[in-house]
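> This is the structure, below, for whatever I ask next.
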Amino acid sequence: MKDFLIGDNAFIGVSHLSHDHARQRLKELHLETINRLFETALSCGATGFSFTVHPTNLRILDTLENVGTTSNLELYPILPYAAGYVRTVNEKGVGGLINDFMSRYSLADKAKLSLRVGFSTLTLDPTGMMRTYIDAELLPIVRVGGKLSTILLHEVVTDVAVSFQSRNLIDSYMQHVRDKYHVKPGFVTRNFARFVKFFRDVNLPLEDTIIMTPVNKIGFQMNPSREACEACLSEIHGVSVIAMSILAGGYLTLEEAVGYIRQQNLSGTVVGVSSEDHAQRVFTKLRGIAESAKEKT
Amino acid sequence: MKVTSARDIGIIGLGKMGVLHAGVAHSLSGVQVKAICEKNTLLTKLAKELLPKSVVFYDDHITMVEDEELDAVFVTTPIESHVPIVTDIAQTRKGLSLFVEKPLAVTHNQAQAACEAVRGMKGIHMVGYQKRFSPIFQRAKELVMGHRIGDLMFFRAHSFSSDVLRQGRSWRFAKGAGGVLLDLAPHVLDMVMWFFGEPETVVATRRRIYSREVDDYAHAAMSFRDGLQGYVDVCWSMRDFRLPDTLIEVQGTNGNITVTDDYVKLEINGQDPLETSVEMDYKQSFDTSVSFLLADPEYTKEDETFLSAIRTEHLPELNFFEASKVNALIDRIMEFPEGNRST
C-alpha cells in the first residue's frame, strides 16, 4: 500500500455516523485550520487529497496553493458533484444547471471549452458533452499545480453505467482521461464485485484503472456482501484499489480499521480527517502499514 | 429476496428518481428495463446513446403500455401527473403493476381516484416510501410497538433540508404541485403514522419564506386516540443540511426513543439517573448490504419488494390505499391558513 489520501467528508459536511456530527464539525473548521491539517497530514505520510468538485474543496485547493502545499500533493478529483447538481436541477431545472455551470467561467475559459458555441450543438453528442464537462471541471484543479493522479467518476454515474452495462460511456470516459490528462481513469463504486464483473464481461482493461470502493471490517457499504468483495479483491492482480470507508463512517476504531485493511490486496486508502490531531493519528498509523510492508520485502 | 422470473419494466419520467429506479431494477436478476417514456428530448437523446439498444423510447405513456408487453411500470414524473398517468394506464392495460414515487398524489381526492382506478385489479400497486425499508426505522417501530418506554406521552419530529434557499423555478415551486409538504414532508408524515396510526386531530401552521407560490415551512401538532400528542416540523430552507435530515423523538413514561437516518437510541429511565440505560444502534450495526446499491440500500429493498409482490401476487404493505393516508394528512395540514411571506 503506497497511496494514503486525505478525504474531504469533514470539509463538506458529510458524516456517516450522524448528520448532527457533520454539521457541528463543519462549523469548527476554517480554511486556516484546514491548511494546518494538510501540512500535518503530509508530514505524517499522507500522499494525496481525494475530493469531490464541491465549491468548498476548490476554495481549499486555492488556499493550499497560496501556501505552497499543493506541490507535494497528489490530486484525486471525483466528478460530478452529484448532490449539488441534483439540488440545482430540483431548484432550477436542467437549463438552470447549465446556466449556473457556465456562469462559473470567464469568457476566455468559455471560449477555451467551446462552451460559447452553445450547448445545443454539443448535446447532439453525449460523449462530446461529457468530455467538455470533464475539461470544464478540471480547469480550476489543474491550475493549482498539484500532481493529478487520476480523475474519478462519481459512484452515481459509475454504478448506473454498471447496471446498464454502458460500455460506450465508460470507454469514452477512459479514453478522454488517458489521452488528455495522461493519467489512469478512476472510478468510485459501491458495487465493487459487479464493477469488476462488468469490466470483464465487456472486455474493458481493469488494469488501466484506479478503483475507489468501501473496504472495512464490518462490510459497511460493501455490496453485495463483504465476503464477495474480499473474494474479488484477492483474485484481481495488478489493479489499483483504494479503500474508502475503512472506519465504516466512524463506527470502527483506527486500530480495528487498519488491522483489517492491511490484510487486503489494496494500493491505498482514503480517510477523512477533521483536525490536525486527527490527521496525525490517522496518517502516522497508516504509514506504519507502508513501513512494515517495506520491512517484509 | 430474489426475483426469479423475468420481468419487463417500463419507466415513466427519467428524472433523478426515474434513473435511480431504472438503475436498481435493471441490476436485479431476471429484470430488465424494456421501455422508457420521457417527454424531454434532450434527456431522451442522452439516454438513447447511453443505455442498451434494447430499450425502446416513447414520449407518450399510453402508447408505451399499449405497444410493449410490460409486467410493471415505475411512475417517476412530477407529482401532479402521477394520478392522471395511473388512471390512463389502469384503463389501457388493466392489471399492469404500478409503482409510483411518493407522494401518490397532490390531494387526497386525487389519491382516492388512484385507489379507485386499481381497486379489485390483479396488478400490484405500491408507493415509494422507502424509509419503511430502513432497518433503523424498523427497529424504532419495534421499540415503540413493544412498549419498551412505557406509555407513550408525546413526540416531536422534523424533516429538514437545505434544498430551497432562494425562489426556485421548477415544478416543485408551482402552486398546487409542490412545496415542502408534498416534497419533503411525506416521508416523516408516513413514519409518524406508521409508528402511531392516523391522528384524531391536527392543528397546523405553515408559511412561505423564499417561495412565492408554495410553503417552505410547516408545523403540525397532532393528537391520537390513546392520548399521545406530538408535532412535526418540516422545512426545506434550513442552512447546512447537505442531505435531508429526519428525526423522531418519542417520550414515554419509562424512557424515550430517538430515531434519525443514522441511528436509533433507546433510553430507559432507572430509579435514579445513574441507573438510566442507553442502547445506541447506528446504521452500521445493521446488515445493509444489498445485491446492488444506488444511493441508499432502502431503494433496492423497496424495488425488490415490489417485484417480488408481482411474482407472489400479494399486495405489499405500501399499496395505494395505505399511501393515500399521507395525502389525507397533508390535506388536513393544508386546511390551515398560510402565514405571510417574509419581506
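The values are calculated or read from the model by the stated rules, or taken from the named source; none is laboratory data. What you are looking at is a predicted structure, and each value in this text was computed from that prediction instead of being measured. Cβ: placed from backbone, ideal geometry, glycine included. Neighbour counts: every protein chain shown.
> Give me the pairs, please: first residue somewhere in the stretch B:36-65 and closer than 24 Å to B:Ala90 by Cβ, second residue anywhere and surrounded by fewer than 15 Cβ atoms within 10 Å (Cβ to Cβ) and among the hydroxyl-bearing types (Ser, Thr, Tyr), beta-carbon distance under 9 Å, and either six or more positions apart or on two chains.
That search, which allows pairs on different chains as well, returns B:Cys37/B:Thr63; B:Asp59/B:Thr41; B:His61/B:Thr92; B:Ile62/B:Thr92; B:Val65/B:Thr92.
> Same structure again: Test A:Ala108 against the stated conditions and say whether it is in a helix (DSSP H, G or I), modelled with pLDDT of 65 or more, more than 21 Å from the chain's Cα centre (by Cα) and not hydroxyl-bearing (Ser, Thr, Tyr).
yes
> Scan A:Glu39, A:Glu91 and give me the residue that is at pLDDT below 85 and part of a helix (DSSP H, G or I).
Matching residue, one of A:Glu39, A:Glu91: A:Glu91.
> Filter the stretch B:220-271 for residues that are among the hydrophobic types (A, V, I, L, M, F, W, C) and not in a strand (DSSP E or B); which is surrounded by the fewest Cβ atoms within 10 Å (Cβ to Cβ)?
Ranking the qualifying residues of the stretch B:220-271, first place goes to B:Leu243.
> Now for a separate question. Picking from B:Arg156, B:Arg166, which residue would you name as being over 28 Å from B:Lys34 (Cα atoms), within 14 Å of chain A (Cβ to nearest Cβ) and surrounded by fewer than 19 Cβ atoms within 10 Å (Cβ to Cβ)?
Answer to the check: B:Arg166.
> Is it the case that B:His21 is over 27 Å from B:Val106 (Cβ atoms), under 25 Å from the mean Cα position of the chain (by Cα) and within 12 Å of chain A (Cβ to nearest Cβ)?
No; evaluated as a whole, the condition is false for this residue.
> If I go through the stretch A:197-231 residue by residue, how many of them are at pLDDT 95 or above, in a helix (DSSP H, G or I) and touching a strand residue (DSSP E or B) at 6+ places or on another chain (Cβ under 8 Å)?
Adding up the residues that qualify gives 1.
> When residues of the stretch B:315-329 are filtered for being more than 19 Å from B:Ile124 (Cβ to Cβ) and over 13 Å from the mean Cα position of the chain (by Cα), how many remain?
2
> What residue, among those in the stretch B:277-294 that are over 19 Å from B:Gln138 (Cα atoms) and touching a residue at least 24 places away in the same chain (Cβ under 8 Å), is surrounded by the fewest Cβ atoms within 10 Å (Cβ to Cβ)?
Among those that are over 19 Å from B:Gln138 (Cα atoms) and touching a residue at least 24 places away in the same chain (Cβ under 8 Å), it is B:Ser291.
> So if I check each of B:Arg132, B:Arg166, B:Arg172, which one is among the basic types (Lys, Arg) and more than 17 Å from the chain's Cα centre (by Cα)?
Answer to the selection: B:Arg166.
> Could we say that B:Leu274 is buried (at least 18 other Cβ atoms within 10 Å of the Cβ), more than 25 Å from B:Leu184 (Cα to Cα) and more than 9 Å from chain A (Cβ to nearest Cβ) here?
no
> Also, I was wondering about something else. Would you check which residues across the stretch B:230-267 are of a type in the set (D, E, K, R) and under 20 Å from B:Pro199 (Cβ atoms) and list them?
B:Asp233, B:Glu249 - these are the residues of the stretch B:230-267 that are of a type in the set (D, E, K, R) and under 20 Å from B:Pro199 (Cβ atoms).
> Just the residues that are touching a Leu at 6+ places or on another chain (Cβ under 6 Å) and part of a strand (DSSP E or B), please, taken from the stretch B:118-142.
Answer for the stretch B:118-142, where residues must be touching a Leu at 6+ places or on another chain (Cβ under 6 Å) and part of a strand (DSSP E or B): B:His125, B:Met126, B:Val127.
> Before we move on, is B:Thr77 in a helix (DSSP H, G or I) and not assigned by TED's automatic domain parsing to the domain that holds B:Leu181?
no
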